[in-house]
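Heads up, the thing below is written out as structure tokens.
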Amino acid sequence: MVSQRRYLLKNVYEHEFKDIFGATSVNILARNMVSTLTFRFRRTDVYLRNEWFNYTNWEWDDFKPFGIDYKLNTTIGKDLSVDQLRKDFDAVFLGMGLTGVNSLLVDGEDNNGIDDAVRYIEDIRQAKDLGELPVGRKVIVIGGGMTAIDMAVQIKKLGSEDVTIVYRRGQKEMSASLVEQQNAQNNGVLIKHWSKPVRLITNDNSVCGVEFEYTSVKDGKLVGTGEKYKIDSDMVFRAIGQTFEDDADGLPTLGSGRISVDENYKTSISGIWAGGDCVNEGEDLTVSAVEAGKKAAESIHMELS
Ligand SMILES: Cc1cc2nc3c(=O)[nH]c(=O)nc-3n(C[C@H](O)[C@H](O)[C@H](O)COP(=O)(O)OP(=O)(O)OC[C@H]3O[C@@H](n4cnc5c(N)ncnc54)[C@H](O)[C@@H]3O)c2cc1C
């Protein structure tokens, strides 16, 4: 994989630089899940709202010969408008992911000890010293997807004594694959099914447990059975899904809360493409984001050639 990418970059650089510079850059960058990607003539700018990113230095070093410039701490919609980007560049690719997090909708979520799993995972990724991260002794992770599994396994490895994933439906309904579930269990994580949180138990503004209600399906609907139980906990993580933050002015038309695109990943605004988790066809998988980047790059290349 690595050597293929290196070969592609070398090939483009030596033989096809003029023709496919822009589109190939978009392709390669989008394949690697780069954020908001733009290019003008032979210039490609990447805007990221954070000052960190998920790439190793050698990957960025590989991009440098192409004149790719990345601007960190730049939030599209706040520091720079979508309209302005559209005016400044021939093509804009939005790969904004899902940065909003669903709330549990129970009382007490503003207490200490309750956090979003993705935010904590972000801290793990950026930590210079993992020993400085807060690690609870008894941890509850609420959710049933890969974020819940990642969160539970990572905090267990960081030293938590008891880690429990609680999911409102059964094992088969969890969006995390069986392999992922088994991976968590092999790492000492307990998974409880058919339970939903009804109340956070707190003491001195800090969480000390969660009350759950058993659930079942009645007439096709998930309902509480009325039977409740408590789990002690000094740390609770929400991992019940992420949402597209649509507060940036001038975004293309949305459908089902995400950016609508056609089969070429074109949005409702001419000159703006989008792909990855932020579009409504997104499967929320890395491989789908990679494919979207590739197809969008081809489409941009065709349109600008
Ligand atoms: C904890 C966790 C575990 C996962 N595990 C798996 C797994 O095992 N396998 C799998 O296939 N998938 C997994 N996924 C899903 C996978 O990470 C995503 O499908 C993939 O990252 C989507 O890529 P993307 O480029 O669309 O968005 P992202 O990778 O989310 O990138 C979006 C980027 O855009 C930036 N951004 C957002 N808004 C703005 C703005 N307004 N201005 C500037 N920048 C902005 C964000 O900060 C971010 O850097 C997991 C996800 C999570 C959260």
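Throughout, read-outs are computed from the coordinates displayed, never taken from laboratory work. All figures in this text were calculated on a predicted structure; none of them were measured in a lab. A quick note on method: Cβ atoms are made from the backbone with ideal geometry, for glycine too, and the neighbour counts reach across all protein chains shown.
Go through the stretch 213-219 residue by residue and turn each phi into a ³J(HN,Hα) via Karplus (6.51, -1.76, 1.60, θ = phi - 60°); whole Hz please, and just put x for glycine and proline.
10, 5, 10, 7, 9, 10, 6
Straight distance only, please: which lysines reach the Cα of K71 with their own Cα at less than 21 Å, same-chain residues fewer than 8 apart left out?
Qualifying lysines at Cα under 21 Å: K87.
How large is ³J(HN,Hα) for each residue in the stretch 143-151, as worked out from phi by the Karplus curve 6.51 cos²θ - 1.76 cosθ + 1.60 (θ = phi - 60°), to whole Hz, x for Gly and Pro?
x, x, x, 5, 5, 4, 5, 4, 4
Excluding residues on the same chain fewer than 8 positions from K192, give the lysines whose Cα lies under 24 Å from its Cα.
The reachable lysines, counting only those whose Cα sits under 24 Å from K192, are K138, K156, K157, K172, K218, K221, K228, K230.
Run the quick spin-label model on D90 and R199: label points 7 Å from Cα toward the beta carbon, then report their separation in nm to one decimal.
In this crude spin-label approximation the distance works out to 6.3 nm.
Could you work out the percent of alpha carbon pairs in the stretch 143-241 separated by over 16 Å, rounded to a whole number?
57
Given a Förster distance of 25 angstrom, what is the FRET efficiency for L304 paired with T243, based on the Cβ-Cβ distance and rounded to 0.05?
Computed FRET efficiency for L304 and T243 comes out at 0.20.
Per 0.36 nm of contour for each residue apart, how much would the distance between N186 and N102 grow if the chain were fully extended, relative to their Cα-Cα spacing?
Once the chain is fully extended between N186 and N102, it gains 27.4 nm.
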